[in-house]
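Student: Pasting in a structure now, in structure tokens, and then I'll have a few things to ask.
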Amino acid sequence: MDLYSLLIENREIIKIFYGLLIGLICLIIVLKVDKLFRLSLHQGIRYLRNAFFFYGVAFIIRYIFGALIFYEYIDGKYLSVITIIFKYFLIMAGFFLLYSLLWKKLESSKNDDYSSLFNLKIIIFYIMALVIVFLDYVWQTHYFIFISQVILFTIASGISYLNYARGKSEHKFLKFYFAAMILALAAWIFNALSALLDWNRYFLINSYLLNIIIFLLFLYGVVNATRLK
Amino acid sequence: MSKKRERLEVIRDILKVIQNNRRIKPTRLLYASNLSPQMFKEYVNELLGKKFVQSEEDGNGKKIFSLTKKGNEFLQEYKVIENFVENFGL
């Protein structure tokens, strides 16, 4: 049995490990970034923390509960609910990630919002995420989330490239951040192509591998940057 | 140099002045911080709000500033925060 067949045969078990791995990476990132936020009260750090919190919740819900449904520990009728929650958290995570790069241009540094999860600006993201999830549900498709994320990561790639071009000599991780955004864009394109081609496994496996690389890159960046004394 | 780094640097500079003096009057802090009175007021209000700095009254009833535990921690970790913000383009 070749490696590819082995992966396909054990895909549900692998998905659990995949969800747990990304959930664990997100948990470490959230804890480390939250420590920095509590010290600095820096809004950009706050939004980055929120992004990984939402990514972690999304992956745990999708791959752990998805597997529980597959092994019939949970009724299959809840699959659509899990898919809706997964998409919602994934879209919100993307919005928070993009907003962590943009917030300086859109709000004052003296932000008095008590919560970064429930305030007027973030409500717009919640509404946009709801609309995207609703459209996908009504049309029984995934293309609205794919299109939204391809647009989002194209913008994020552009911003992170500008950041890299400005500070590449001083700040080494800007290069990896830009690379992570390009890989995230590629992962979403692979996801969309996979869906277009009746969930083509080649594109799907590649998007999973890209996701692991992206989250490991961020983990490396966070650990490296917070280790400095 | 980004606007955000400048802001973090201003905060660090104000906190360092307070730390070096242990307790300092607003007028002396304004002079040492090299800010306009309006900007100074904004930063001090922010630092008070974030509980990096506390305001007390001396024996003559005059206002004086001192650093809180949180303010001291911020100064210790400043390099880490600055490095993180710049490496992630925040």
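Student: In this structure, does A:Ala192 turn out to be assigned to a helix (DSSP H, G or I), within 14 Å of another protein chain (Cβ to nearest Cβ), open to solvent by less than 70 Å² (accessible area, probe 1.4 Å) and within 16 Å of A:Leu90 (Cβ to Cβ)?
Tutor: Numbers: assigned to a helix (DSSP H, G or I): yes; within 14 Å of another protein chain (Cβ to nearest Cβ): no; open to solvent by less than 70 Å² (accessible area, probe 1.4 Å): yes; within 16 Å of A:Leu90 (Cβ to Cβ): yes.
Answer is no for this residue.
Student: Let me ask something additional. Checking A:Tyr63 against (1) in contact with a helix residue (DSSP H, G or I) (Cβ under 8 Å, 6 or more places away or on another chain); (2) among the aromatic types (Phe, Trp, Tyr); (3) surrounded by fewer than 19 Cβ atoms within 10 Å (Cβ to Cβ), which test does it fail?
Tutor: Of everything listed in (1) in contact with a helix residue (DSSP H, G or I) (Cβ under 8 Å, 6 or more places away or on another chain); (2) among the aromatic types (Phe, Trp, Tyr); (3) surrounded by fewer than 19 Cβ atoms within 10 Å (Cβ to Cβ), A:Tyr63 misses just condition (3).
Student: Sticking with this structure for a sec: Examine segment B:58-75 for a residue that is of a type outside the set (A, V, I, L, M, F, W, C), more than 30 Å from A:Leu101 (Cβ to Cβ), surrounded by 16 or more Cβ atoms within 10 Å (Cβ to Cβ) and within 14 Å of chain A (Cβ to nearest Cβ), and state whether such a residue exists. I'd like the intermediate steps shown before the answer.
Tutor: Of segment B:58-75, the ones of a type outside the set (A, V, I, L, M, F, W, C) are B:58-63, B:66, B:68-73.
With the extra rule that they be more than 30 Å from A:Leu101 (Cβ to Cβ), the set shrinks to B:58-63, B:66, B:68-69, B:72.
Narrowing further to those that are surrounded by 16 or more Cβ atoms within 10 Å (Cβ to Cβ): B:68.
Now drop any that are not within 14 Å of chain A (Cβ to nearest Cβ), which leaves B:68.
Looking for residues that are of a type outside the set (A, V, I, L, M, F, W, C), more than 30 Å from A:Leu101 (Cβ to Cβ), surrounded by 16 or more Cβ atoms within 10 Å (Cβ to Cβ) and within 14 Å of chain A (Cβ to nearest Cβ), one finds at least one in segment B:58-75, hence yes.
Student: Related question: Consider A:Ile91 against the criteria (1) open to solvent by less than 10 Å² (accessible area, probe 1.4 Å); (2) within 13 Å of another protein chain (Cβ to nearest Cβ); (3) among the β-branched types (Val, Ile, Thr): it satisfies all of them except one. Which criterion is unmet?
Tutor: So the condition that A:Ile91 fails would be (2).
Student: Within segment A:207-226, work out how many residues are open to solvent by 40 Å² or more (accessible area, probe 1.4 Å) and among the polar types (S, T, N, Q).
Tutor: Residues in segment A:207-226 being open to solvent by 40 Å² or more (accessible area, probe 1.4 Å) and among the polar types (S, T, N, Q): 1 in total.
This table checks each residue for (1) open to solvent by 60 Å² or more (accessible area, probe 1.4 Å); (2) more than 16 Å from the chain's Cα centre (by Cα); (3) modelled with pLDDT under 95.
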site: A:Ser115; (1), (2), (3): no, yes, yes
site: A:Leu120; (1), (2), (3): yes, yes, yes
site: A:Ile123; (1), (2), (3): yes, yes, yes
site: A:Ile127; (1), (2), (3): yes, yes, no
site: A:Val133; (1), (2), (3): no, no, no
site: A:Ser148; (1), (2), (3): no, no, no
site: A:Ala165; (1), (2), (3): no, yes, yes
site: A:Lys172; (1), (2), (3): yes, yes, yes
site: A:Ala179; (1), (2), (3): no, no, no
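Student: Being within 14 Å of chain B (Cβ to nearest Cβ), out of contact with any Gly (no Cβ under 8 Å at 6 or more places or on another chain) and of a type in the set (D, E, K, R) narrows it down to one residue among A:Glu107, A:Glu72, A:Glu9; which is it?
Tutor: Details: A:Glu72 fails: within 14 Å of chain B (Cβ to nearest Cβ); A:Glu9 fails: within 14 Å of chain B (Cβ to nearest Cβ).
Exactly one residue qualifies, and that residue is A:Glu107.
Student: Given (1) closer than 23 Å to A:Ile159 by Cβ; (2) surrounded by 23 or more Cβ atoms within 10 Å (Cβ to Cβ), where does A:Gly44 come up short, assuming only one miss?
Tutor: (2)
The values are calculated or read from the model by the stated rules, or taken from the named source; none is laboratory data. Keep in mind that what you see is a predicted model, and the values were worked out from it rather than measured. Cβ: placed from backbone, ideal geometry, glycine included. Neighbour counts: every protein chain shown. Surface accessibility is based on the protein's heavy atoms, side chains included, excluding ligands, DNA and RNA. Shrake-Rupley method; radii C 1.70, N 1.55, O 1.52, S 1.80 Å.
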